[in-house]
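Written below as structure tokens is the structure these notes are about.
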Amino acid sequence: MNVVLNDPGEFCRKNLKQEGRIKVAELERLSAVCAGSSGELQWVAEGKINPSGYLQLDLAVKGRIDLMCQRCLEAFPFDLDSRATIILAGSEAQADEIEDRLEEDDPTEVIVGDKEIDMLVLVEDEALLTIPLSPRHDVCPHASRLVFGEKQKSPFSVLQGLKTGKSEEN
């Protein structure tokens, strides 16, 4: 699937809206970090001129993907719900100038968007940025298997007994 904004400037000046769906399996970079390639993302892009006079895309991405819990190493569903504001600059120099004007904690992204823009690349980027750095269940389903704070018996303790000539049962 290929969804390209051929003239992003016109898209924003005319306040146009585009939306779609894409299967996770079709997004190579996202599939690589997911526990599986099932799932689908829904996205909506709306163009406008922001109060400062810049071309702006408002992008919303929603969907459910499977991530690998970094605590118990089991897959779990993750509800992705992200909104991004993207200012389209005409050149790298203008992008740098706009970024310098933004507040340090402003989440607005600035990209060069004077030519065509592949919307699915933006959707995939937004999904990747939304995934937690260390995905985990709130509570792992098999938490009883995970014992914290207790001294676990080493599986190599039998070898220690062989080395000293004492068996573990003695």
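The values are calculated or read from the model by the stated rules, or taken from the named source; none is laboratory data. The structure presented is a predicted model; accordingly, all values stated were derived computationally and were not measured. Note that we place each Cβ from the backbone using ideal geometry, even for glycine, and neighbour counts take in every protein chain shown.
Conditions tested, residue by residue: (1) in contact with an Asp or Glu (Cβ under 6 Å, 6 or more places away or on another chain); (2) at pLDDT 90 or above; (3) closer than 30 Å to Gln18 by Cα.
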residue	(1), (2), (3)
Arg71	no, no, no
Leu80	no, yes, yes
Ile86	yes, yes, yes
Leu102	no, no, yes
Val139	no, no, no
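Please specify each residue of region 40-61 satisfying the condition of being buried (at least 16 other Cβ atoms within 10 Å of the Cβ) and either under 13 Å from the mean Cα position of the chain (by Cα) or at pLDDT below 90 (or both).
Answer for region 40-61, where residues must be buried (at least 16 other Cβ atoms within 10 Å of the Cβ) and either under 13 Å from the mean Cα position of the chain (by Cα) or at pLDDT below 90 (or both): Leu41, Ala60, Val61.
Can Lys17 be described as surrounded by 14 or more Cβ atoms within 10 Å (Cβ to Cβ) and of a type in the set (Lys, Arg)?
Numbers: surrounded by 14 or more Cβ atoms within 10 Å (Cβ to Cβ): no; of a type in the set (Lys, Arg): yes.
No; evaluated as a whole, the condition is false for this residue.
Among the numbered conditions (1) assigned to a helix (DSSP H, G or I); (2) free of Cβ contacts under 8 Å to residues at least 40 places away in the same chain, tell me where Asn15 comes up short.
(1)
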